[in-house]
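Accompanying notes for the structure given below.
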Amino acid sequence: MSENAKSERWRWLRFPLAIGALAWTVWLLWDSIPLVLESLPKLHWGWLGFTLVGNLIAGYLVFEAFRALFEKIQPCTYPRFHLAHLYFTGQLMKHLPGRIWGIAYQAAMGNRASMVEWVSVTSVFMVLSTGFAVWVAASVLGFMFGFLWGMFAVIAGAAIYLFLWQEKPLSYVLLVLNKLPLLKRLTSALVSFIAVDAKFKANVGFWYIISWVVYFMAWMGYGMAWPSLTPIDAVWLCAIYTVAWFVGYISLVTPSGAGVRELIFVLLAQNFPPDAVAGMAVLGRLTLMLVDVIFFSLFYFFKPSR
């Protein structure tokens, strides 16, 4: 069987895997559905609006981190709003099966940068996004268990970010990648991200950290909105949801981690009221998708000239 045939067969397996994960999630939460329906009329919609606004702010702040990375490899190529159009359109397209349509659109519409440059920026952005997600979730969960655990997670994450993002260790990584025929052009584009100064790392890290702080504050709105939760409960759940997001993000078996994220979230949040867990699983997914739709609509007309 050819490699293309194997890839095609695997691609079609993603749909039953997603459906299976969602079905398992529904089965785990089935008994809590009446409680969810009972809680819906009691929701505080003002606090849900607060959460949506917080998610929007966090979503824009992480775009600034992407913009800093893009400017490193293609300085002054696109005005902010034009680059925002390319970024947020790509973010919306990541919900489609395959996860390649966003970067394909960016390379086609943003052709002042090559496909290889778009892939390199996106690759670095993905690595940093997942890394900061794990760091922040580990830090919050650590503080929940004890101050020293939290400080350990914060210091360990900062050390990894500052000391692994150095020219020498990353040069070894690129040397290995360069031996793979399909990645030779990509490694040449990634060179720009190796020898960066502390100011650049601080700038990128700043946007990520501020984005995550706002995101966790936004989740506190869920705690105020849902009858059986408190803001602290919502912070716990946000950390758990971030871990679930990370697992879904790297799973690559379903579109945008559909089903996988919700399943992991439900399995890890079993100590919380089941109706709240079910509500947060649904609201968390819907809110993030709504954020992508809103930003896509806001920047839709800022298409860059080709």
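The values are calculated or read from the model by the stated rules, or taken from the named source; none is laboratory data. Values in this document were obtained by computation on a predicted structure and should not be read as measured data. Positions of Cβ are generated from backbone atoms using ideal geometry, with glycine treated the same way; all protein chains shown enter the neighbour counts.
Quick one: which helices (runs of 4 or more DSSP H) sit completely within segment 118-224 and have at least 2 residues that are without any contact (Cβ under 8 Å) to a residue 12 or more places away in the chain?
Hits in segment 118-224: 147-164, 167-178.
Do we have Ser129 as closer than 26 Å to Gln74 by Cβ, surrounded by 15 or more Cβ atoms within 10 Å (Cβ to Cβ) and under 22 Å from the mean Cα position of the chain (by Cα) here?
yes
Among the candidates Gly205, Gly248, which residue alone is touching a helix residue (DSSP H, G or I) at 6+ places or on another chain (Cβ under 6 Å) and either of a type outside the set (Gly, Ala, Ser) or closer than 30 Å to Leu170 by Cα (or both)?
Residue meeting the stated conditions: Gly248.
Considering segment 281-293 alone, what residues qualify as being within 21 Å of Met220 (Cβ to Cβ) and either touching a residue at least 40 places away in the same chain (Cβ under 8 Å) or not in a helix (DSSP H, G or I) (or both)?
Selection gives Ala281, Leu283, Gly284, Thr287, Leu288, Met289, Leu290, Val291.
Could you count how many residues in segment 114-126 are within 21 Å of the chain's Cα centre (by Cα) and surrounded by fewer than 18 Cβ atoms within 10 Å (Cβ to Cβ)?
2
I'm trying to understand the selection: among the residues of segment 102-113, which are in contact (Cβ under 8 Å) with a residue 40 or more places away in the chain and either β-branched (Val, Ile, Thr) or surrounded by fewer than 19 Cβ atoms within 10 Å (Cβ to Cβ) (or both)?
Met109, Asn111, Arg112
For Thr242, indicate whether it is closer than 30 Å to Val116 by Cα and at pLDDT below 85.
No: the conditions fail for Thr242.
Taking the options Pro304, Pro227, name whichever one is under 24 Å from Pro41 (Cβ atoms) and surrounded by fewer than 20 Cβ atoms within 10 Å (Cβ to Cβ).
Just a single option satisfies the conditions, and that option is Pro227.
Would segment 266-279 turn up any residue that is over 22 Å from Arg80 (Cβ atoms), of a type outside the set (Ser, Thr, Tyr), surrounded by fewer than 16 Cβ atoms within 10 Å (Cβ to Cβ) and within 15 Å of the chain's Cα centre (by Cα)?
no
Tell me which residues, restricted to segment 209-247, are of a type in the set (A, V, I, L, M) and closer than 14 Å to Phe265 by Cβ.
Hits for segment 209-247 are Ala234, Leu237, Ala239, Ile240, Val243, Ala244, Val247.
When only residues in segment 150-177 that are loosely packed, with under 13 Cβ neighbours inside 10 Å and among the aliphatic types (A, V, I, L, M) count, which is farthest from Ser120 (Cα to Cα)?
Ile155
Give segment 75-88 a look and list any residue that's assigned to a loop (DSSP other than H, G, I, E, B) and surrounded by fewer than 18 Cβ atoms within 10 Å (Cβ to Cβ), or say none.
Correct list: Pro75, Cys76, Thr77, Pro79.
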